Each structure stands twice: as C-alpha cells, then as structure tokens.
Amino acid sequence: MTRKLDEPDAEMTRAVASFYERHPFPGERQPDADGLLLMRRVASMIADARHEAGPRRLRLLDAGCGTGNTSVALARTFPALDVQGMDICGRSLDLARAAAQDAGLENVAFAQGDLLAGPLPAGRWDIIVCLGVVHHTANMERALGHLAQALAPDGRMMLWVYGRHGRYHHQLNRRLLALLLKDETDPTRQVELAREFALDTGDGEPLSDLYGFVPGRHEREQVVLNDAWIADQFLHTNERAVDLPEFLGMIKAVGLVMHEWLGEDTSGTRLPPALAARLDRLPEQERLCALDLLLKPRRYFVEARRKGGWPS
C-alpha cells in the first residue's frame, strides 16, 4: 500500500487538476515532430513483439492522456493495440471519449486516475507513454515510480519532460507574466493577456525564447490560436524542468534505464573535430552530461526500459 500524499503535494495535485478542468489540454492540435517520432517508435515496438513472441495484442497506457489526442491516434493507427488512456481531469476525459466514439474505435478506453495517488496494476502494460505529464505533478519521482511498477518486465516506456537548459529564458518569461497577472482572477482574461504577451512583446520575443528561433508574424499568430496551449505554456500552476543528469537519476532510482535519447543529434558533430574526439573518449555518463550542455534541449524525449539499455 502506498503512503498517503503529504498535504503540500495533495494541495498541488488539486490545483493542477483544477487548472486542467479550466484548460483541457491539448485540445485541437496538429501532430508535431515528436508525435510522428512516437508513432514510428510504437510501430517498431509492435513489429518487434510480433517477431519475438508471435501474434499477440500489446497493451499500451497513455498516462496523462488529456483530451485523448495521442490515445486516439495510436488506437486508430494500430488496430491490434489495446490503448488505455488515464488522466486526472474529468473534463478532458469526456472530450477524449467523445473523440474515440466519433472515430468509431473499440480498442481504446479512458479512466480517471492520479499518478501520485497509488500504485497502478503491477507489470500490466507492454508500452507506457507519458508525454509532458510528470513535470506537472507535485512529485516527479513518485509519479515515475508508479509508472515503473506498471511496466511489464520486458516493456518499454516513452517519457517526455521539460529540459531546464533550453527552457531557461521561457521560465523567466513565465515568472514575469505571473507577476503581471497576479491580480487577474478571470481565466479567460488571463489567457487573452498571455496571448498578447507571447505575440506582441518585442517582436514576439517570448515565442523566440520558447522555440529558439524567431518565427514570422504569421507563424506566431498560428501558434497562439490554441487557448489550451497558451495556458499550458504560460499560465500553468506547476512546472518543473530538469537537466539530463537529474532526469537519469530519477529513472535509475525507480529501476529504469534510458535505452535511447530520441529526437536529438547525439553524435557531437556540432563540435570542432578535436573536441568531438575528446567527447567520444569520455565515459558514457560524462558524455551524456557533456551533450546536455552542448545541446541545451528544451525537452527530453527518451525510451526507458527495465533491463539492458543504454547507458548502463
């Protein structure tokens, strides 16, 4: 039996749930590069399972599924996959169920649950997908521990969390906006003012800080159309960004290892040849730390496993 949440963690969990009741996420959003990468990786996992164990249905948990975009896309793309979406927000789940019904899907189901509240069924899922979720929980380590317990012994977990180095300037912008809006209690007005901040501060500097490049005016206007995205990026109740050593320490503490760092060029070719050669001679953990400082990623998208994997 898991121990009861400390009151500060319980209070923050209630605040996060309330935030998503006001701003169901992700709402209407087109797939991004990481979403396409996820689809390819899940397809590979299904192919591997068929090769290793013969035909069988794999079970996938979308932990923190929100409005169900990922769950529905996976269930539609892979009919032989049984998808379970779980989220803390009832309003988001209502939208997810409606989307699955509209798509005529029978291989996806949704349930309300809290990653911090207690252990999930042990070893139940072959694949766990948890994208942009644990960094909003009151206790990342506890959430990761419950997910690890739920992973099958030979299962694979896809995790996506915010990177401290790449989000540094964005975090400053969030703190600035929080000061400017501390007396505004209307959620709709908060979103309106956050949109103006993102779009019209300087020449769209907050969006440049977030993306790492200067988008054109038309691009900026398209980005800020989604109220849920504006709220999630600029107004969220709780957000914790980590660096790679901290993140690796968290997953190691719950019995996982990082098998692959996805969506980043980890070859070191951005360095001059002499320094790239020195990078390659570092022990693997030090090499990863050096790459983290070089790449300054805005997010870590990793595949983690219980056994084997990289690094050791």
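The values are calculated or read from the model by the stated rules, or taken from the named source; none is laboratory data. Worth saying up front: this structure is predicted, and the values here are computed from it rather than measured. Counting neighbours? That spans all protein chains shown, and the Cβs are built from the backbone with ideal geometry, glycine included.
Scanning the stretch 6-30 for residues that are in contact with a helix residue (DSSP H, G or I) (Cβ under 7 Å, 6 or more places away or on another chain) and under 22 Å from Ala100 (Cα atoms) returns Tyr20, Glu21, Arg22, His23, Pro24, Phe25, Pro26, Gly27, Arg29.
You will find that of Pro119, Pro79, the residue that is over 18 Å from Val16 (Cβ atoms), of a type outside the set (S, T, N, Q) and in contact (Cβ under 8 Å) with a residue 40 or more places away in the chain is Pro119 and no other. Just wondering, is there one or more residues in the stretch 52-60 that are at pLDDT 95 or above, surrounded by 13 or more Cβ atoms within 10 Å (Cβ to Cβ), in contact with a helix residue (DSSP H, G or I) (Cβ under 8 Å, 6 or more places away or on another chain) and within 28 Å of Val223 (Cβ to Cβ)? No, every residue in the stretch 52-60 fails to be at pLDDT 95 or above, surrounded by 13 or more Cβ atoms within 10 Å (Cβ to Cβ), in contact with a helix residue (DSSP H, G or I) (Cβ under 8 Å, 6 or more places away or on another chain) and within 28 Å of Val223 (Cβ to Cβ).
In the stretch 220-241 there is at least one residue matching the filter, namely being surrounded by 14 or more Cβ atoms within 10 Å (Cβ to Cβ), of a type in the set (Lys, Arg) and in contact with a strand residue (DSSP E or B) (Cβ under 8 Å, 6 or more places away or on another chain).
When we screen Gly104, Gly155, Gly145 for residues that are in a strand (DSSP E or B) and in the same structural domain as Phe247 (by TED's automatic domain parsing), the only hit is Gly155. Checked against the criteria, Asp32 counts as modelled with pLDDT under 95 and either over 30 Å from Met12 (Cβ atoms) or surrounded by fewer than 22 Cβ atoms within 10 Å (Cβ to Cβ) (or both). Looking across Val191, Val161, one residue alone is part of a strand (DSSP E or B) and either among the polar types (S, T, N, Q) or in contact (Cβ under 8 Å) with a residue 12 or more places away in the chain (or both). It is Val161.
Of these, Glu286, Glu221, which one is part of a helix (DSSP H, G or I), of a type outside the set (A, V, I, L, M), free of Cβ contacts under 8 Å to residues at least 60 places away in the same chain and under 30 Å from Lys182 (Cβ atoms)?
Values: Glu286 fails: under 30 Å from Lys182 (Cβ atoms).
Among Glu286, Glu221, only Glu221 is part of a helix (DSSP H, G or I), of a type outside the set (A, V, I, L, M), free of Cβ contacts under 8 Å to residues at least 60 places away in the same chain and under 30 Å from Lys182 (Cβ atoms).
Among the numbered conditions (1) under 30 Å from Pro8 (Cβ atoms); (2) out of contact with any Pro (no Cβ under 9 Å at 6 or more places or on another chain); (3) free of Cβ contacts under 8 Å to residues at least 40 places away in the same chain; (4) not charged (D, E, K, R), the only one that Phe197 does not meet is (2). Considering the stretch 122-140, and only residues there that are of a type outside the set (S, T, N, Q) and out of contact with any strand residue (DSSP E or B) (no Cβ under 7 Å at 6 or more places or on another chain), the residue that is farthest from Gly64 (Cα to Cα) turns out to be Ala122.
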